[in-house]
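The values are calculated or read from the model by the stated rules, or taken from the named source; none is laboratory data. Please read these numbers as outputs of a predicted model, since none were measured by experiment. Because the Cβ atoms are built from the backbone with ideal geometry, glycine has one as well, and the counts that use them run over all protein chains shown. We work out accessible area using only protein heavy atoms, side chains counted, and drop any ligands, DNA or RNA first. Shrake-Rupley method; radii C 1.70, N 1.55, O 1.52, S 1.80 Å.
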Amino acid sequence: QVQLVESGGGLVQPGGSLRLSCAASGNIFSINDMGWYRQAPGKQRELVASITRGGGTNYADSVKGRFTIARDNAKNTVYLQMNSLKPEDTAVYYCNIDLRLIFDRRRSSEYWGQGTQVTVSS
């Protein structure tokens with residue numbers, strides 16, 4: 001049906017950069033909002049950044065000025081460029097997309113990526 005494949009996670013030093021990618025494939029008619037969430041051990045999942053179909057963006061206060069979300073509609077892909085990484089950015093990052101299926105175009109549903117680990121440590 002629909003699969004979201006994430007990549008780009010890994011181990012980086014404080015102040016370093018990392019770029020996450022999430023590519024969607026399947027019976028997709030259209031994609032609406034796309035976003036990135038993260039969840040650290042013992043904490044609730046939180047929205048990191050989102051981007052609308054029209055390109056409007058929203059960021060969590062903790063990442064403003066450091067992270068940038070972007071999308072490539074031709075590739076059904078959303079990116080998260082993470083700069084000036086801090087240890088508190090350590091978490092599993094999940095991409096999320098809101099989309100409509102080819103055979104059920106009336107409904108909009110959310111799909112999640114498998115998660116990718118980002119660890120910021122010296």
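When the range 1-58 is filtered for residues that are farther than 19 Å from residue 117 by Cα, part of a loop (DSSP other than H, G, I, E, B) and free of Cβ contacts under 8 Å to residues at least 24 places away in the same chain, the ones remaining, listed by number, are 52, 53, 54, 55, 56.
Criterion first (basic (Lys, Arg) and surrounded by 14 or more Cβ atoms within 10 Å (Cβ to Cβ)) does residue 100 satisfy it? Considered against the rule, which asks whether it is basic (Lys, Arg) and surrounded by 14 or more Cβ atoms within 10 Å (Cβ to Cβ), residue 100 comes out as yes.
Within the range 69-83, the set of residues being of a type outside the set (D, E, K, R) and surrounded by 14 or more Cβ atoms within 10 Å (Cβ to Cβ) comprises 69, 70, 76, 77, 78, 79, 80, 81, 82, 83. The requirement of being on the phi > 0 side of the Ramachandran plot and either at pLDDT 95 or above or surrounded by 15 or more Cβ atoms within 10 Å (Cβ to Cβ) (or both) is not satisfied by residue 58. Filter the range 27-42 down to residues that are in contact with a strand residue (DSSP E or B) (Cβ under 6 Å, 6 or more places away or on another chain) and farther than 20 Å from residue 72 by Cα and give me whichever is most open to solvent (accessible area, probe 1.4 Å). Among those residues, the one meeting the criterion is 39. Looking across 9, 35, 42, one residue alone is small (Gly, Ala, Ser) and farther than 13 Å from residue 93 by Cβ. It is 42.
Just wondering, is there one or more residues in the range 3-26 that are open to solvent by 60 Å² or more (accessible area, probe 1.4 Å), modelled with pLDDT under 95 and either over 16 Å from residue 96 (Cα atoms) or over 15 Å from the mean Cα position of the chain (by Cα) (or both)? No, that holds for no residue.
Here residue 105 fulfils each of the conditions (1) surrounded by 12 or more Cβ atoms within 10 Å (Cβ to Cβ); (2) over 14 Å from residue 3 (Cα atoms); (3) among the charged types (D, E, K, R); (4) touching a residue at least 60 places away in the same chain (Cβ under 8 Å) apart from (1). Could you tell me whether residue 47 is hydrophobic (A, V, I, L, M, F, W, C), over 18 Å from residue 6 (Cα atoms) and either open to solvent by 20 Å² or more (accessible area, probe 1.4 Å) or more than 16 Å from the chain's Cα centre (by Cα) (or both)? It is false that residue 47 is hydrophobic (A, V, I, L, M, F, W, C), over 18 Å from residue 6 (Cα atoms) and either open to solvent by 20 Å² or more (accessible area, probe 1.4 Å) or more than 16 Å from the chain's Cα centre (by Cα) (or both).
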